[in-house]
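Take a look at the structure below.
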C-alpha cells in the first residue's frame, strides 16, 4: 500500500508587494473565494513571508 | 522581521465543538478564539443581550415615548467622527416609532471649527434652529460634554446622552445617560458601538410603546430592518466583535443579503462593485464604510447621513457616486501625505526612535488618523500625525491623531505627558490603540521630545517586535472554494480575527500585476508532520 496525496496548485496574490519571493517560501495567508462572473476559485491572499531560517 | 507563532487552542475544546457538528477546521479556529461551546455560536436575534440590562435604557425609552406623545421637537446631535449610521438609525427608528418628519432633525457639528462632542458652540447652533429643539439626543458622543449639556439646559433644552465612549469620573448632568461603559452598568457587552447603543434605545422604546398599548407584537414596526445599518456601523467603528456584536453584524448581513436595507446602503454596494447578496464583514469594513465616511473626513458627515436617510433608489445612487468620488479624492490626499511622511523619515531611521511624530503645513486634518494607522503598521511603533488647525483666537494649532501597537496604551501615554507638562497638550482623548489631541504649533518640538521620552520609558523591546499570529497549517484538500466559502460565511473582524494560515509553498510562477502587486502560482509543500501526525490531516489511500 502506498500513500499518495493529491496536491493542488493554487493562485496567490500579495497586494502592494513587488519584491520576488524565494522558490520555496513559508507564507502567512488568508484563504478567500475569488468570484469572477460565474466562476469561483480559491485564492491565497498573502500577508507575510517568514524569512527566518 | 516578524516572529511567527500559532494562535494557541485547546484541542479538547476543539473536539467538543466538533462533536456539536461543527466543521473540524472551524472547530479549531473557534477554539483558538475563546469559544467554549457550540451554543455561543448561535447568532440569532433572540440571543441578543436584553435591553433592560443596559443601564437607563428603559428610562431613555420612557423619555422618548413621552416626547413623541407630547410632540416635543427632537434633535439628534452626531459627532463629526461618528460614522453616519448611528444618526441614521436614530432618525429612521424614531420615525418608525411615531415621531413625525417635522418633529425630528439632526445636526452634525463641523469638525474643523466646533471641536469634540456637544460643545457650547453646537448648542448655540441648535438654539437658533426653527422650530427650536426641546430635546437633544446625542449619538456616539456626549459622555464628556459636561459644559455643553449645562449650557443646553440654560437655553431650555434637555439632553439625552447615548454613547459608548469611556466616561470620566463625574458624569454630565443629562436627563438620562445610556452608555454600557458607565460604572454601574451591568450590560455584558462593553464593546457595543454607538450605533448599537442607539439601536438598543429603539428596541426599548418599542417595548415601552407596546406596554402603553400603542402597538402589539403583531403590529409593531420592524426595527430589524435597521440591522444592516447597525452591522455597518459596528464594523466601520472597529468595535470588538464579542458575541453580542457578532449577533448584530450577522443579523444585519443576513438582511443586506436579502435586500432588506435602506436604498443608500445598497447603492454603496453598487458603486463599490460588491454584490450585496453575498455581503460579508470585509465588504462593510473595507468597501462600504470608507465610502460612507469619506465625506466626513474631507468636509462634513451630513452627505453620508443624507444617503442613509434617502428612500429613493435613484437619488441614493447619485449620492453614492458623489461619495465614491470623494473617497477617491481622500485616497489621493492620503497617499500624498503618506509619501511626504516617508520622505520626511528618510533622513532619520525610524527604527532609531521609539515612536513617529510628524506634521506638515500641507496635511489634511481629516486624513491624519488613516495616515497614522498606515505608518504604525509599516514601522510597528506608535505614530502621531498632525495637521494645521486654527484656534478660536486665531492661534496656530496642530490637531493630531495617533495609533498605537498592542501593549502600549496611547491615551495613558498622552496623560503622562500632560501630567509632566500640564500646558503642553491643549486637549486629548481616546483609548489604548487610538487617540486624538491638539497642541500649539510652536510647541511641536517640545511635545515630540516629551512624547518620545514617555514612549521610550514605557515601550519594551519585546513590544516593538512584529508578531504574526496565525492559525497553523491547512490540509492540501482544504485549498478549495468549498473551504474558503465556509470561512467567508462566518463573522470575523476586530477582536475575533479572520483566520490566517501558515504553510510552506513551492513558488512555481510569479509575476507583477499592475506593477504593484505580486501574482503567484503556488504548490503547497506537505510537511511530514502534516501528513502523519497532524490532527486534521487526512490521507488518500491508493
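For segment B:202-234 and segment B:332-372, what is the centre-to-centre distance using only Cα atoms, to the nearest Å? That distance is 45 Å.
Here the simple spin-label model places points 7 Å from the Cα toward Cβ, and for residue B:270 and residue B:132 these points are separated by 4.3 nm.
Diffusion coefficient (Stokes-Einstein, Kirkwood radius over C-alpha pairs, 4 °C, 1.567 mPa s) for segment B:51-323: 70 µm²/s, rounded to a whole number.
Principal axis extents of the Cα atoms in segment B:208-322, from largest to smallest and rounded to whole angstrom, are 45, 32, 27.
Sequence-distant contacts, meaning Cα pairs under 8 Å at least 6 residues apart, place the relative contact order of chain B at 13 percent.
Once the Kirkwood radius over Cα pairs is known for segment B:348-464, the Stokes-Einstein relation at 25 °C and 0.890 mPa s delivers a diffusion coefficient of 176 µm²/s. In segment B:51-323, Cα pairs under 8 Å separated by at least six residues give a relative contact order of 21 percent.
In plain terms, the chain from residue B:23 to residue B:11 could stretch by 2.9 nm, reckoned as 0.36 nm per residue minus the Cα-Cα distance.
When only Cα pairs below 8 angstrom with a gap of at least 6 residues are kept, segment B:348-464 shows a relative contact order of 24 percent. Which FRET efficiency, nearest 0.05, do residue B:155 and residue B:183 yield, Cβ-Cβ r, R0 35 Å? Efficiency at R0 = 35 Å is approximately 0.75. Using alpha-carbon positions, what is the distance between the centroids of segment B:131-187 and segment B:1-41, in Å? The distance from the Cα centre of segment B:131-187 to that of segment B:1-41 comes to 41 Å. The calculated FRET efficiency for residue B:147 paired with residue B:412, based on their beta-carbon distance and R0 = 35 Å, is about 0.90.
Computed extension length for residue B:277-residue B:377: 32.8 nm, one decimal, from 0.36 nm per residue of separation with the Cα-Cα distance subtracted. Restricted to Cα atoms, chain B shows a radius of gyration and a Dmax of 24.7, 84 angstrom.
Histogrammed with a bin width of 20 Å, the alpha carbon distances of the protein assembly as shown distribute as 18, 51, 28, 3, 0 percent, first bin at zero. For the pair residue B:66 and residue A:45, label points projected 7 Å from Cα toward Cβ lie 4.9 nm apart.
Estimated from helical segments only, the mean residue ellipticity of chain B at 222 nm is -12500 deg cm²/dmol, where each DSSP H run of four or more residues counts as -39500 (n - 2.57).
When both segment B:253-293 and segment B:396-456 are represented by their alpha-carbon centers, they are found 36 Å apart. Residues of segment A:16-39 with backbone nitrogen within less than 17 Å of a virtual label 7 Å along the Cα-to-Cβ line of residue B:509, please, listed as ranges. Flagged as within label range: A:21, A:23. Here each label is just a point 7 Å from Cα along the line to Cβ, and for residue A:38 and residue B:467 those points are 4.8 nm apart. In this calculation the C-beta distance from residue B:419 to residue B:3 is compared with R0 = 51 Å, giving a FRET efficiency of 0.90.
Computed extension length for residue B:100-residue B:519: 145.3 nm, one decimal, from 0.36 nm per residue of separation with the Cα-Cα distance subtracted.
Just so you know, all these numbers are worked out from the coordinates, no wet-lab data involved. Keep in mind it's a predicted model, so treat the numbers as computed, not measured. In this analysis, Cβ positions are derived from the backbone assuming ideal geometry, glycine residues included, and neighbour counts consider all displayed protein chains.
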